[in-house]
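Read the structure below first, then the notes.
The values are calculated or read from the model by the stated rules, or taken from the named source; none is laboratory data. All values derive from a computational prediction rather than experimental measurement. FYI the Cβ positions are ideal-geometry reconstructions off the backbone, even for glycines, and counts take in every protein chain you see.
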Amino acid sequence: MSTRARVALGLVLIVALIAPLLPLALWSVARGWFFPQILPANWTFAPWMQAFAPRSEIPGALVSTTLIALAASALALGLGIPAGRALGLYRFRGKVLVELALLAPVIVPGIAVGLGIHGVFLRLGLTNSALGVVLVHLVPTLPYVIFVMSGVFANYDAEAEAQARSLGARPLQVLWHVMLPAIAPGIVVAGLFAFLVSWSQYILTLTIGGGRVVTLPLLLYAQAGAGRNDQAGVLAMLSLAPGLVILALVARQLTGRGMAIGGTR
Amino acid sequence: MPLSDTAEAVNIVLGEVEAGATTGAVDMIWINGENFRTMKQGDLAWCGYVEKLPNAELVNFDNPAIANDFGTPVEGCEVPWSRVQFAFAHDTARTDAPPRSIPELLDWIAANPGRFTYPAPPDFTGAAFVRHVFTHVAGGPDALIGPFDQARFDEVADETWEILNGIEPHLWREGTTYPTSITQLQQMFANQEVDLFFTYDPAEVGTAVVNGIFPETARSYGLRDGTLANTNYMVIPVNAANKAAAMVTQNLLLSGEAQLEKAQAEVWGAATVIEPDRASDEVQAGFAALERHPSVVSIEELGQAALPELQADWTSAIEDGWIDNVGN
Amino acid sequence: MIGRGHPWLSLAPALCVIAVLFGGGLVLGLAGSFGMGRGDAGLDAWIAVLSEGRVWRSLGLSLWIAFASTALSCVIGLGAALLLRRRFPGQGMARLLFQINLTIPHAVGALGILWLLSQSGFLARLSAGAGLIDGPAGFPALTQDRFAIGIIAHYVWKEVPFIGLILLANMQSLGDDPESAARSLGASPFGAMRLVLLPLLRPALIRAGAIVFAFSFGAWEVPVLLGQSAPTALPVLAWQRFTDPDLAARPEAMAIAMLIGLVSAVLIRAAFARRE
């Protein structure tokens, strides 16, 4: 294929990928943008001003969405790094079963368990709280972290740890000076994607949060459901922001090895 | 609470009560009709406190339209909040002379193919539209008052489905599919995909214009043969964690001042459930001086032909019947 | 130090969390579908669900959505990966833009697709502006349509970069050697790709495809915005029953949810079994 054809095809691909974002962006600065207007007749920043007005729920939702996603990804890393290490470095009986169990939440659709998880959390007294929402976000995030980290550990040279120990290093020193530097890029990628997966959740947040825990996706559906396209446009733009920032930061690592993650679901 | 559906809130309460949770997430639900019947049947509603609210004396509980929620007796289990009445809407820039009765509407649909549709039940507003046709076929609401009657239902339903299936070729997308929500119909009306809109809350047409959802030429209007009207309420779940706070809130929302505030066009424009002459002089004067948004049909004009809502057994039978006979 | 000696210690916390949240959810969902905790335990909900034509039509629609989305995502994703692996001007930028969708929440994408493709959406307005159509009805029905085009378009839009990036990563670790060896043995570029590269990529493609399949089969957020009124996608039907004011519909909701999980698991298992 000629270079020109490649560039042209690449352009078509990129345009198709960006196109759905265009009406969202336009609505966030428009008022009354109806068919057959191609571009809005009334351009205004009013939707943004309204979104950040004193009585708006959006600033609070921004904070809670961020905090929940931070907590969920930190927990997922805490649980997922050891598990990824075990899967990446060891062979043992029942490994296939363990892998299947840990990755099952990815292949069994969320709604199949979501309705039941509500019952589990009620019995644990975790519904309607941010804590419960953080915990339920482990269901979609943890498998991704384990997935990525087991890939990272599969390429990790555990011999270096043995050498460090034979030179007299204590376990914590080995952990800090040998293992951590080697797997740091993997941790960053896994953590950031866990953050994004949590950031995007809707139905699990609604069922477990009971409407008390208000996150951006909840507001997005509520505003779209009320026909407030301008507010939905603002919320869509806000929902895109962390992904774009993170992408700019880790663009290099993403295409590298260990990129077994699924993006946001 | 940003739940898109009252049924979702009822479900949360149900799940909690099933699991034995005594301090629930939901302290108060804005509710009526089938959802209230569900809560009352399942003993999910907290009852018997309503008369204790000081502002309850502003309400005329002897009014059958307030004492019955879609035919289910309220019996002190919920506090009325607003009255609403179904209305249609058109854009004067596109449609000068919209149909003003169900028979006229049926003719209009045939004469304007592709320009009308309604949301598929179980959407609340779509189901209410179907009830209008059903009531029309029955020859008026009097024939449907009272408990569910299978024989009468079958008789009316057959003809209703025949009419609704008959107009399908003239509907949006030839009736092969229907909008899934009233919001979808709202967007389609705003974007000239269809020419008529309807809502169970005509004040919504005014707020839609204020918020730039509808053009300023949008107008709501009633039907000569009447449109359905109902009261909506606030209920406290039996397992609510903060019952006292919910009662205070309900009492506040029932006060003359709050009811007046809510009736202001720029706030909401929702019709009150209290008797203004039982309230303070200021509130009475406020109600007398109410202005309404030019896009909203006046409550007096609409109220001249108000049809009572059917009992919940009727409404769910009509919904299920539509899904089985028309919506497939 | 973590993981020394036996792996079970490092696995235990993650396994416990998944067992309680995920396993517990499945067990309670299953119990709910048998009407447990409601006094009248039995198979009623399953019998009702499995004998209902609407459920089967919804299942058919969801299978169509999932198969079409997965197949198109895999084919286009593979094409995109082949396109982006060679050097060309602006390649770095193209790869960066290619990754954006990975980070976009499904809710945002679905709303964007709706406003882009609906009969009064952005493309329809461009067509009207160009004089190609007279009004919204002249534009083809691409959302809330019988063939679920809008839903499939969303999944393909979202998953092409996912498949593409996984394949790119795999191609990078394979390097050029397998293909150049085939070329030096006389294979055409296309032949080298078909006979050497594709079989090497297949395991990764099946893994990624399984994730796409499971998601597009079971997601609620997308068909609820982009789907038609009847039949609805199976997850939408399950949620409708879950939030039905009639309490008796709840065990049916659980049964449909379990059906979704079961069908998805069985089909994905079958895909992996064929590989082995």
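Test each condition in (1) within 14 Å of C:A19 (Cα to Cα); (2) without any contact (Cβ under 8 Å) to a residue 40 or more places away in the chain for A:F121 and report the one that comes out false.
A:F121 satisfies all of (1) within 14 Å of C:A19 (Cα to Cα); (2) without any contact (Cβ under 8 Å) to a residue 40 or more places away in the chain except (2).
Of the residues that sit in the range B:70-88 and are in a strand (DSSP E or B) and modelled with pLDDT under 90, which one is surrounded by the fewest Cβ atoms within 10 Å (Cβ to Cβ)?
B:P73
List pairs: first residue in the range B:48-75 and free of Cβ contacts under 8 Å to residues at least 24 places away in the same chain, second residue among the β-branched types (V, I, T) and assigned to a helix (DSSP H, G or I) anywhere in the structure, Cβ distance under 9 angstrom, at least six positions apart or on different chains.
B:F61/B:V50
Suppose we filter B:E319, B:E291, B:E282 for residues that are of a type outside the set (F, W, Y) and within 21 Å of the chain's Cα centre (by Cα); which single one remains?
B:E319
Can you tell me which of C:A271, C:A214 is more than 7 Å from every other protein chain (Cβ to nearest Cβ), among the small types (G, A, S), within 24 Å of A:A112 (Cβ to Cβ) and touching a residue at least 40 places away in the same chain (Cβ under 8 Å)?
Unique residue meeting the criteria: C:A271.
Are any of the residues in the range A:33-55 surrounded by fewer than 19 Cβ atoms within 10 Å (Cβ to Cβ), free of Cβ contacts under 8 Å to residues at least 12 places away in the same chain and outside any loop (DSSP other than H, G, I, E, B)?
Within the range A:33-55 (the criterion being surrounded by fewer than 19 Cβ atoms within 10 Å (Cβ to Cβ), free of Cβ contacts under 8 Å to residues at least 12 places away in the same chain and outside any loop (DSSP other than H, G, I, E, B)), the answer is yes, since at least one residue qualifies.
Yes/no matrix, rows are residues, columns are (1) farther than 30 Å from A:F121 by Cβ; (2) modelled with pLDDT under 95; (3) not in a helix (DSSP H, G or I):
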position	(1), (2), (3)
B:R37	no, yes, no
B:D43	no, yes, yes
B:I66	yes, yes, no
B:D96	yes, yes, yes
B:E104	yes, no, no
B:R115	yes, no, yes
B:P122	no, yes, yes
B:A127	yes, no, no
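Filter the range A:74-98 for residues that are over 20 Å from A:A182 (Cα atoms) and surrounded by 15 or more Cβ atoms within 10 Å (Cβ to Cβ); which is farthest from the other protein chains (Cβ to nearest Cβ)?
A:L75
Does A:L26 fit the bill of being closer than 30 Å to C:L78 by Cα, surrounded by 12 or more Cβ atoms within 10 Å (Cβ to Cβ) and within 12 Å of chain C (Cβ to nearest Cβ)?
No; evaluated as a whole, the condition is false for this residue.
Of these, C:I151, C:I113, which one is at the interface with another protein chain (Cβ under 9 Å from one of its Cβ atoms) and modelled with pLDDT of 95 or more?
The conditions single out C:I113.
Right, B:R131: assigned by TED's automatic domain parsing to the domain that holds B:A317 and surrounded by 15 or more Cβ atoms within 10 Å (Cβ to Cβ) or not?
yes
From (1) closer than 23 Å to C:P245 by Cβ; (2) of a type in the set (A, V, I, L, M, F, W, C); (3) at pLDDT below 90, pick out the condition that doesn't hold for B:I299.
(1)
Would you be able to say whether some residue in the range C:163-185 is over 23 Å from C:C74 (Cα atoms), within 14 Å of chain A (Cβ to nearest Cβ) and among the charged types (D, E, K, R)?
There is no residue in the range C:163-185 that is over 23 Å from C:C74 (Cα atoms), within 14 Å of chain A (Cβ to nearest Cβ) and among the charged types (D, E, K, R).
State all residues of the range C:6-19 that are facing another protein chain (nearest Cβ under 7 Å) and part of a helix (DSSP H, G or I); if no residue qualifies, say none.
C:S10, C:L11, C:P13, C:A14, C:L15, C:V17, C:I18
Taking helices (runs of 4 or more DSSP H) that do not extend beyond the range A:148-219, which have at least 1 residues that are within 18 Å of the chain's Cα centre (by Cα), modelled with pLDDT of 90 or more and crowded, with 24+ Cβ neighbours inside 10 Å?
The helices (runs of 4 or more DSSP H) meeting that bar are A:180-200, A:203-209.
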